[in-house]
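The values are calculated or read from the model by the stated rules, or taken from the named source; none is laboratory data. Every value quoted in this text rests on a predicted model; they were computed, and no experiment measured them. All Cβ positions, even for glycine, are placed from backbone atoms using ideal geometry, and neighbour counts span all protein chains on display. Side chains are part of the model used for accessible areas, which takes the heavy atoms of the whole protein and leaves out ligands, DNA and RNA. Shrake-Rupley method; radii C 1.70, N 1.55, O 1.52, S 1.80 Å.
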Amino acid sequence: MSKTPFRFQQFSIRHERAAMKVGTDAVLLGAWTPLRGAARILDVGTGCGIVAMMLAQRTLATRANISAIEIDLPAAEEALENFRDCPWPERLPRDLPEVHCSLQQLTDAIDTNFSGFDIVVCNPPFFDPSWPSPANARRVARQKGSLSVESLVRETRSLLSDSGRLCLVLPFEQSGPTVELSLAAGLSLWSQVDVRPTPDSPPKRVLLEFGRQRSPQAIAKSELVLETTRHQHSDEFAALAKDFHLRYAAQD
């Protein structure tokens, strides 16, 4: 595999050691997550750190503090290197123990005076364990054995501030069970975006936003089409990616 970093407009990112590489799911989550009022953000299962770095770029004006955790040691080490080399290292984790830990370990270590995270994001491993995977690290990263939706919702709810929100990108078929579990845990569904690869294809991914409080308005449900034709981004996806994707760098 090439060791050439994946380049965005304002930063580059190495991802040869992380089990899950830079991909559309992470870009969707990093570009879409609603960040209104967010001063403290947590990226669960950060992998190579792409979502955390995208959120750091998006919160340059407010200088939100970004935390990121990753249970896989090679990925955690790679994420830390990416954080240190990015334009905003002071707003991202600086030491390996900050990154290399599980969600449960983070929950146990949180000070009782901590008021909670305003946003928790996760591109989680909720894939069917029966699906084949080429390497053990990738299998752990993609399957339920490393982090269940039940654990994510339970632990996240305890980490959110009173007005905090949880944002996820999931396979579309996981949206129903995830919504049910989240509602049962005391979270409210705020918004849902069904993601279609093309206009004529069924949804393959879903973006979900949950809040500890009841949404101040009706649940916002919409659709997002990624490509109108092969390799031709839709206007909606282009609007999300315009501050990150290199193809839009000269169009601002």
Q) What relative contact order, as a whole-number percentage, does the chain give when Cα pairs under 8 Å and 6 or more residues apart are counted? A) 17 percent
Q: Before rounding to the nearest 500, sum -39500 (n - 2.57) across all DSSP H runs of length at least 4 in the chain and divide by the residue total; then give [θ] at 222 nm in deg cm²/dmol.
A: -8500 deg cm²/dmol
Q: Provide the solvent-accessible area of Leu73, counting protein heavy atoms only and rolling a 1.4 Å probe, rounded to the nearest 10 Å².
A: 70 Å²
Q. Short version: ³J(HN,Hα) in whole Hz for each residue of the range 83-98, in order, from phi by Karplus 6.51 cos²θ - 1.76 cosθ + 1.60 (θ = phi - 60°), x for Gly and Pro, what are they?
A. 4, 5, 8, 7, x, 10, x, 5, 9, 10, x, 10, 10, 4, x, 5
Q: In whole angstrom, note down how far apart the Cα centers of the range 19-38 and the range 200-215 are.
A: 13 Å
Q.
For the full complex of protein chains and a 1.4 angstrom probe, list His231, His100 by accessible area with the highest value first.
A. His231, His100
Q. Among Ser201, Ser175, Ser188, which one moves the most in a GNM of the chain with springs linking Cα atoms closer than 10 Å?
A. Ser201
**Q.** Accessible-area composition of the chain, carbon plus sulfur, in percent [1.4 Å probe]
**A.** 51 percent
Q: Please list Ile41, Ile71 in order of solvent-accessible area, largest first, computed with a 1.4 Å probe with all protein chains present.
A: Ile71, Ile41
Q. How much accessible surface does Lys3 have with a 1.4 Å probe, in Å² rounded to 10?
A. 150 Å²
Q.
Using the Cα centre of the range 182-247 as origin and beta-carbon charges of +1 (Lys, Arg) and -1 (Asp, Glu), tell me which of Leu226, Gln213, Ala241 is placed farthest towards the positive end of the dipole.
A. Gln213
Q. Hey, rough spin-label estimate for Lys221 and Asn113, points 7 angstrom out along Cα→Cβ, what's it come to in nanometres?
A. 4.5 nm
(Q) Which one, Ser161, Ser182, Ser222, has the greatest fluctuation when you compute a Gaussian network model over the chain with C-alpha springs under 10 angstrom? (A) Ser222
Q. In percent, how large is the relative contact order of the range 5-78, given Cα pairs closer than 8 Å and 6 or more residues apart?
A. 34 percent
Q) Using a Gaussian network model of the chain with C-alpha springs under 10 Å, which one of Ala52, Ala68, Ala185 is most mobile by mean-square fluctuation? A) Ala185
**Q.** Asp162, Asp95, reordered so the largest accessible area comes first (probe 1.4 Å)
**A.** Asp162, Asp95
(Q) Before I look further, what does the chain give for accessible area per residue, probe 1.4 Å, in whole square angstrom? (A) 48 Å²
**Q.** Net charge of Cβ neighbours under 15 Å - reference Thr156; Lys, Arg +1; Asp, Glu -1
**A.** -2
